[in-house]
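Okay, so here's the structure we're looking at.
The values are calculated or read from the model by the stated rules, or taken from the named source; none is laboratory data. A quick note: this is a predicted structure, and the numbers were derived from the prediction, not measured. Every residue, glycine as well, gets a Cβ built from its backbone with ideal geometry; the counts of neighbours run over all protein chains shown.
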């Protein structure tokens, strides 16, 4: 059981280091199989978001010497869900939790992608210019 868990962690870590690679593989692989490029893009976004969350959390923790990275990301996603839920309830009078979750997850992709690039640049700058 320990070997299986370690293998899963290693595969996840390998894919999360450069998340554009799994994104491209999923996008082109699914688009070739299904022929639906729009659905392939959404699937690639959804899977890459999980990789980006882990990677951004680790980058944040290492750069700022903290353990708050994952919790901060979860807090931001929950706040975003609450805000979107409020807007949806105010406009339509009902909540579609599935739609809110999907919107938060996909907006999280763009936020995590921006944070990934930003934190990666900061991390490389700190490692290059640290004395």
Would you call residue 72 at pLDDT below 95 and either farther than 19 Å from residue 123 by Cβ or surrounded by 13 or more Cβ atoms within 10 Å (Cβ to Cβ) (or both)? no
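Among the residues in segment 68-86, are any closer than 14 Å to residue 53 by Cα and outside any helix (DSSP H, G or I)?
yes
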Search segment 1-23 for residues being closer than 25 Å to residue 101 by Cβ and either touching a helix residue (DSSP H, G or I) at 6+ places or on another chain (Cβ under 9 Å) or in contact (Cβ under 8 Å) with a residue 24 or more places away in the chain (or both), and hand back the single one that is surrounded by the fewest Cβ atoms within 10 Å (Cβ to Cβ). 20
I want to confirm something. Restricting to segment 94-116 and keeping residues that are exposed (fewer than 13 other Cβ atoms within 10 Å of the Cβ) and outside any loop (DSSP other than H, G, I, E, B), which single residue is nearest to the chain's Cα centre (by Cα)? 110
Being surrounded by 17 or more Cβ atoms within 10 Å (Cβ to Cβ), closer than 27 Å to residue 118 by Cα and more than 18 Å from the chain's Cα centre (by Cα) narrows it down to one of 77, 51, 59, 84, so name that one. 84
Conditions (1) over 28 Å from residue 127 (Cα atoms); (2) at pLDDT below 95; (3) touching a helix residue (DSSP H, G or I) at 6+ places or on another chain (Cβ under 9 Å); number of the one not met by residue 105: (2)
In segment 40-66, which residues are touching a helix residue (DSSP H, G or I) at 6+ places or on another chain (Cβ under 8 Å) and assigned to a loop (DSSP other than H, G, I, E, B)? 66
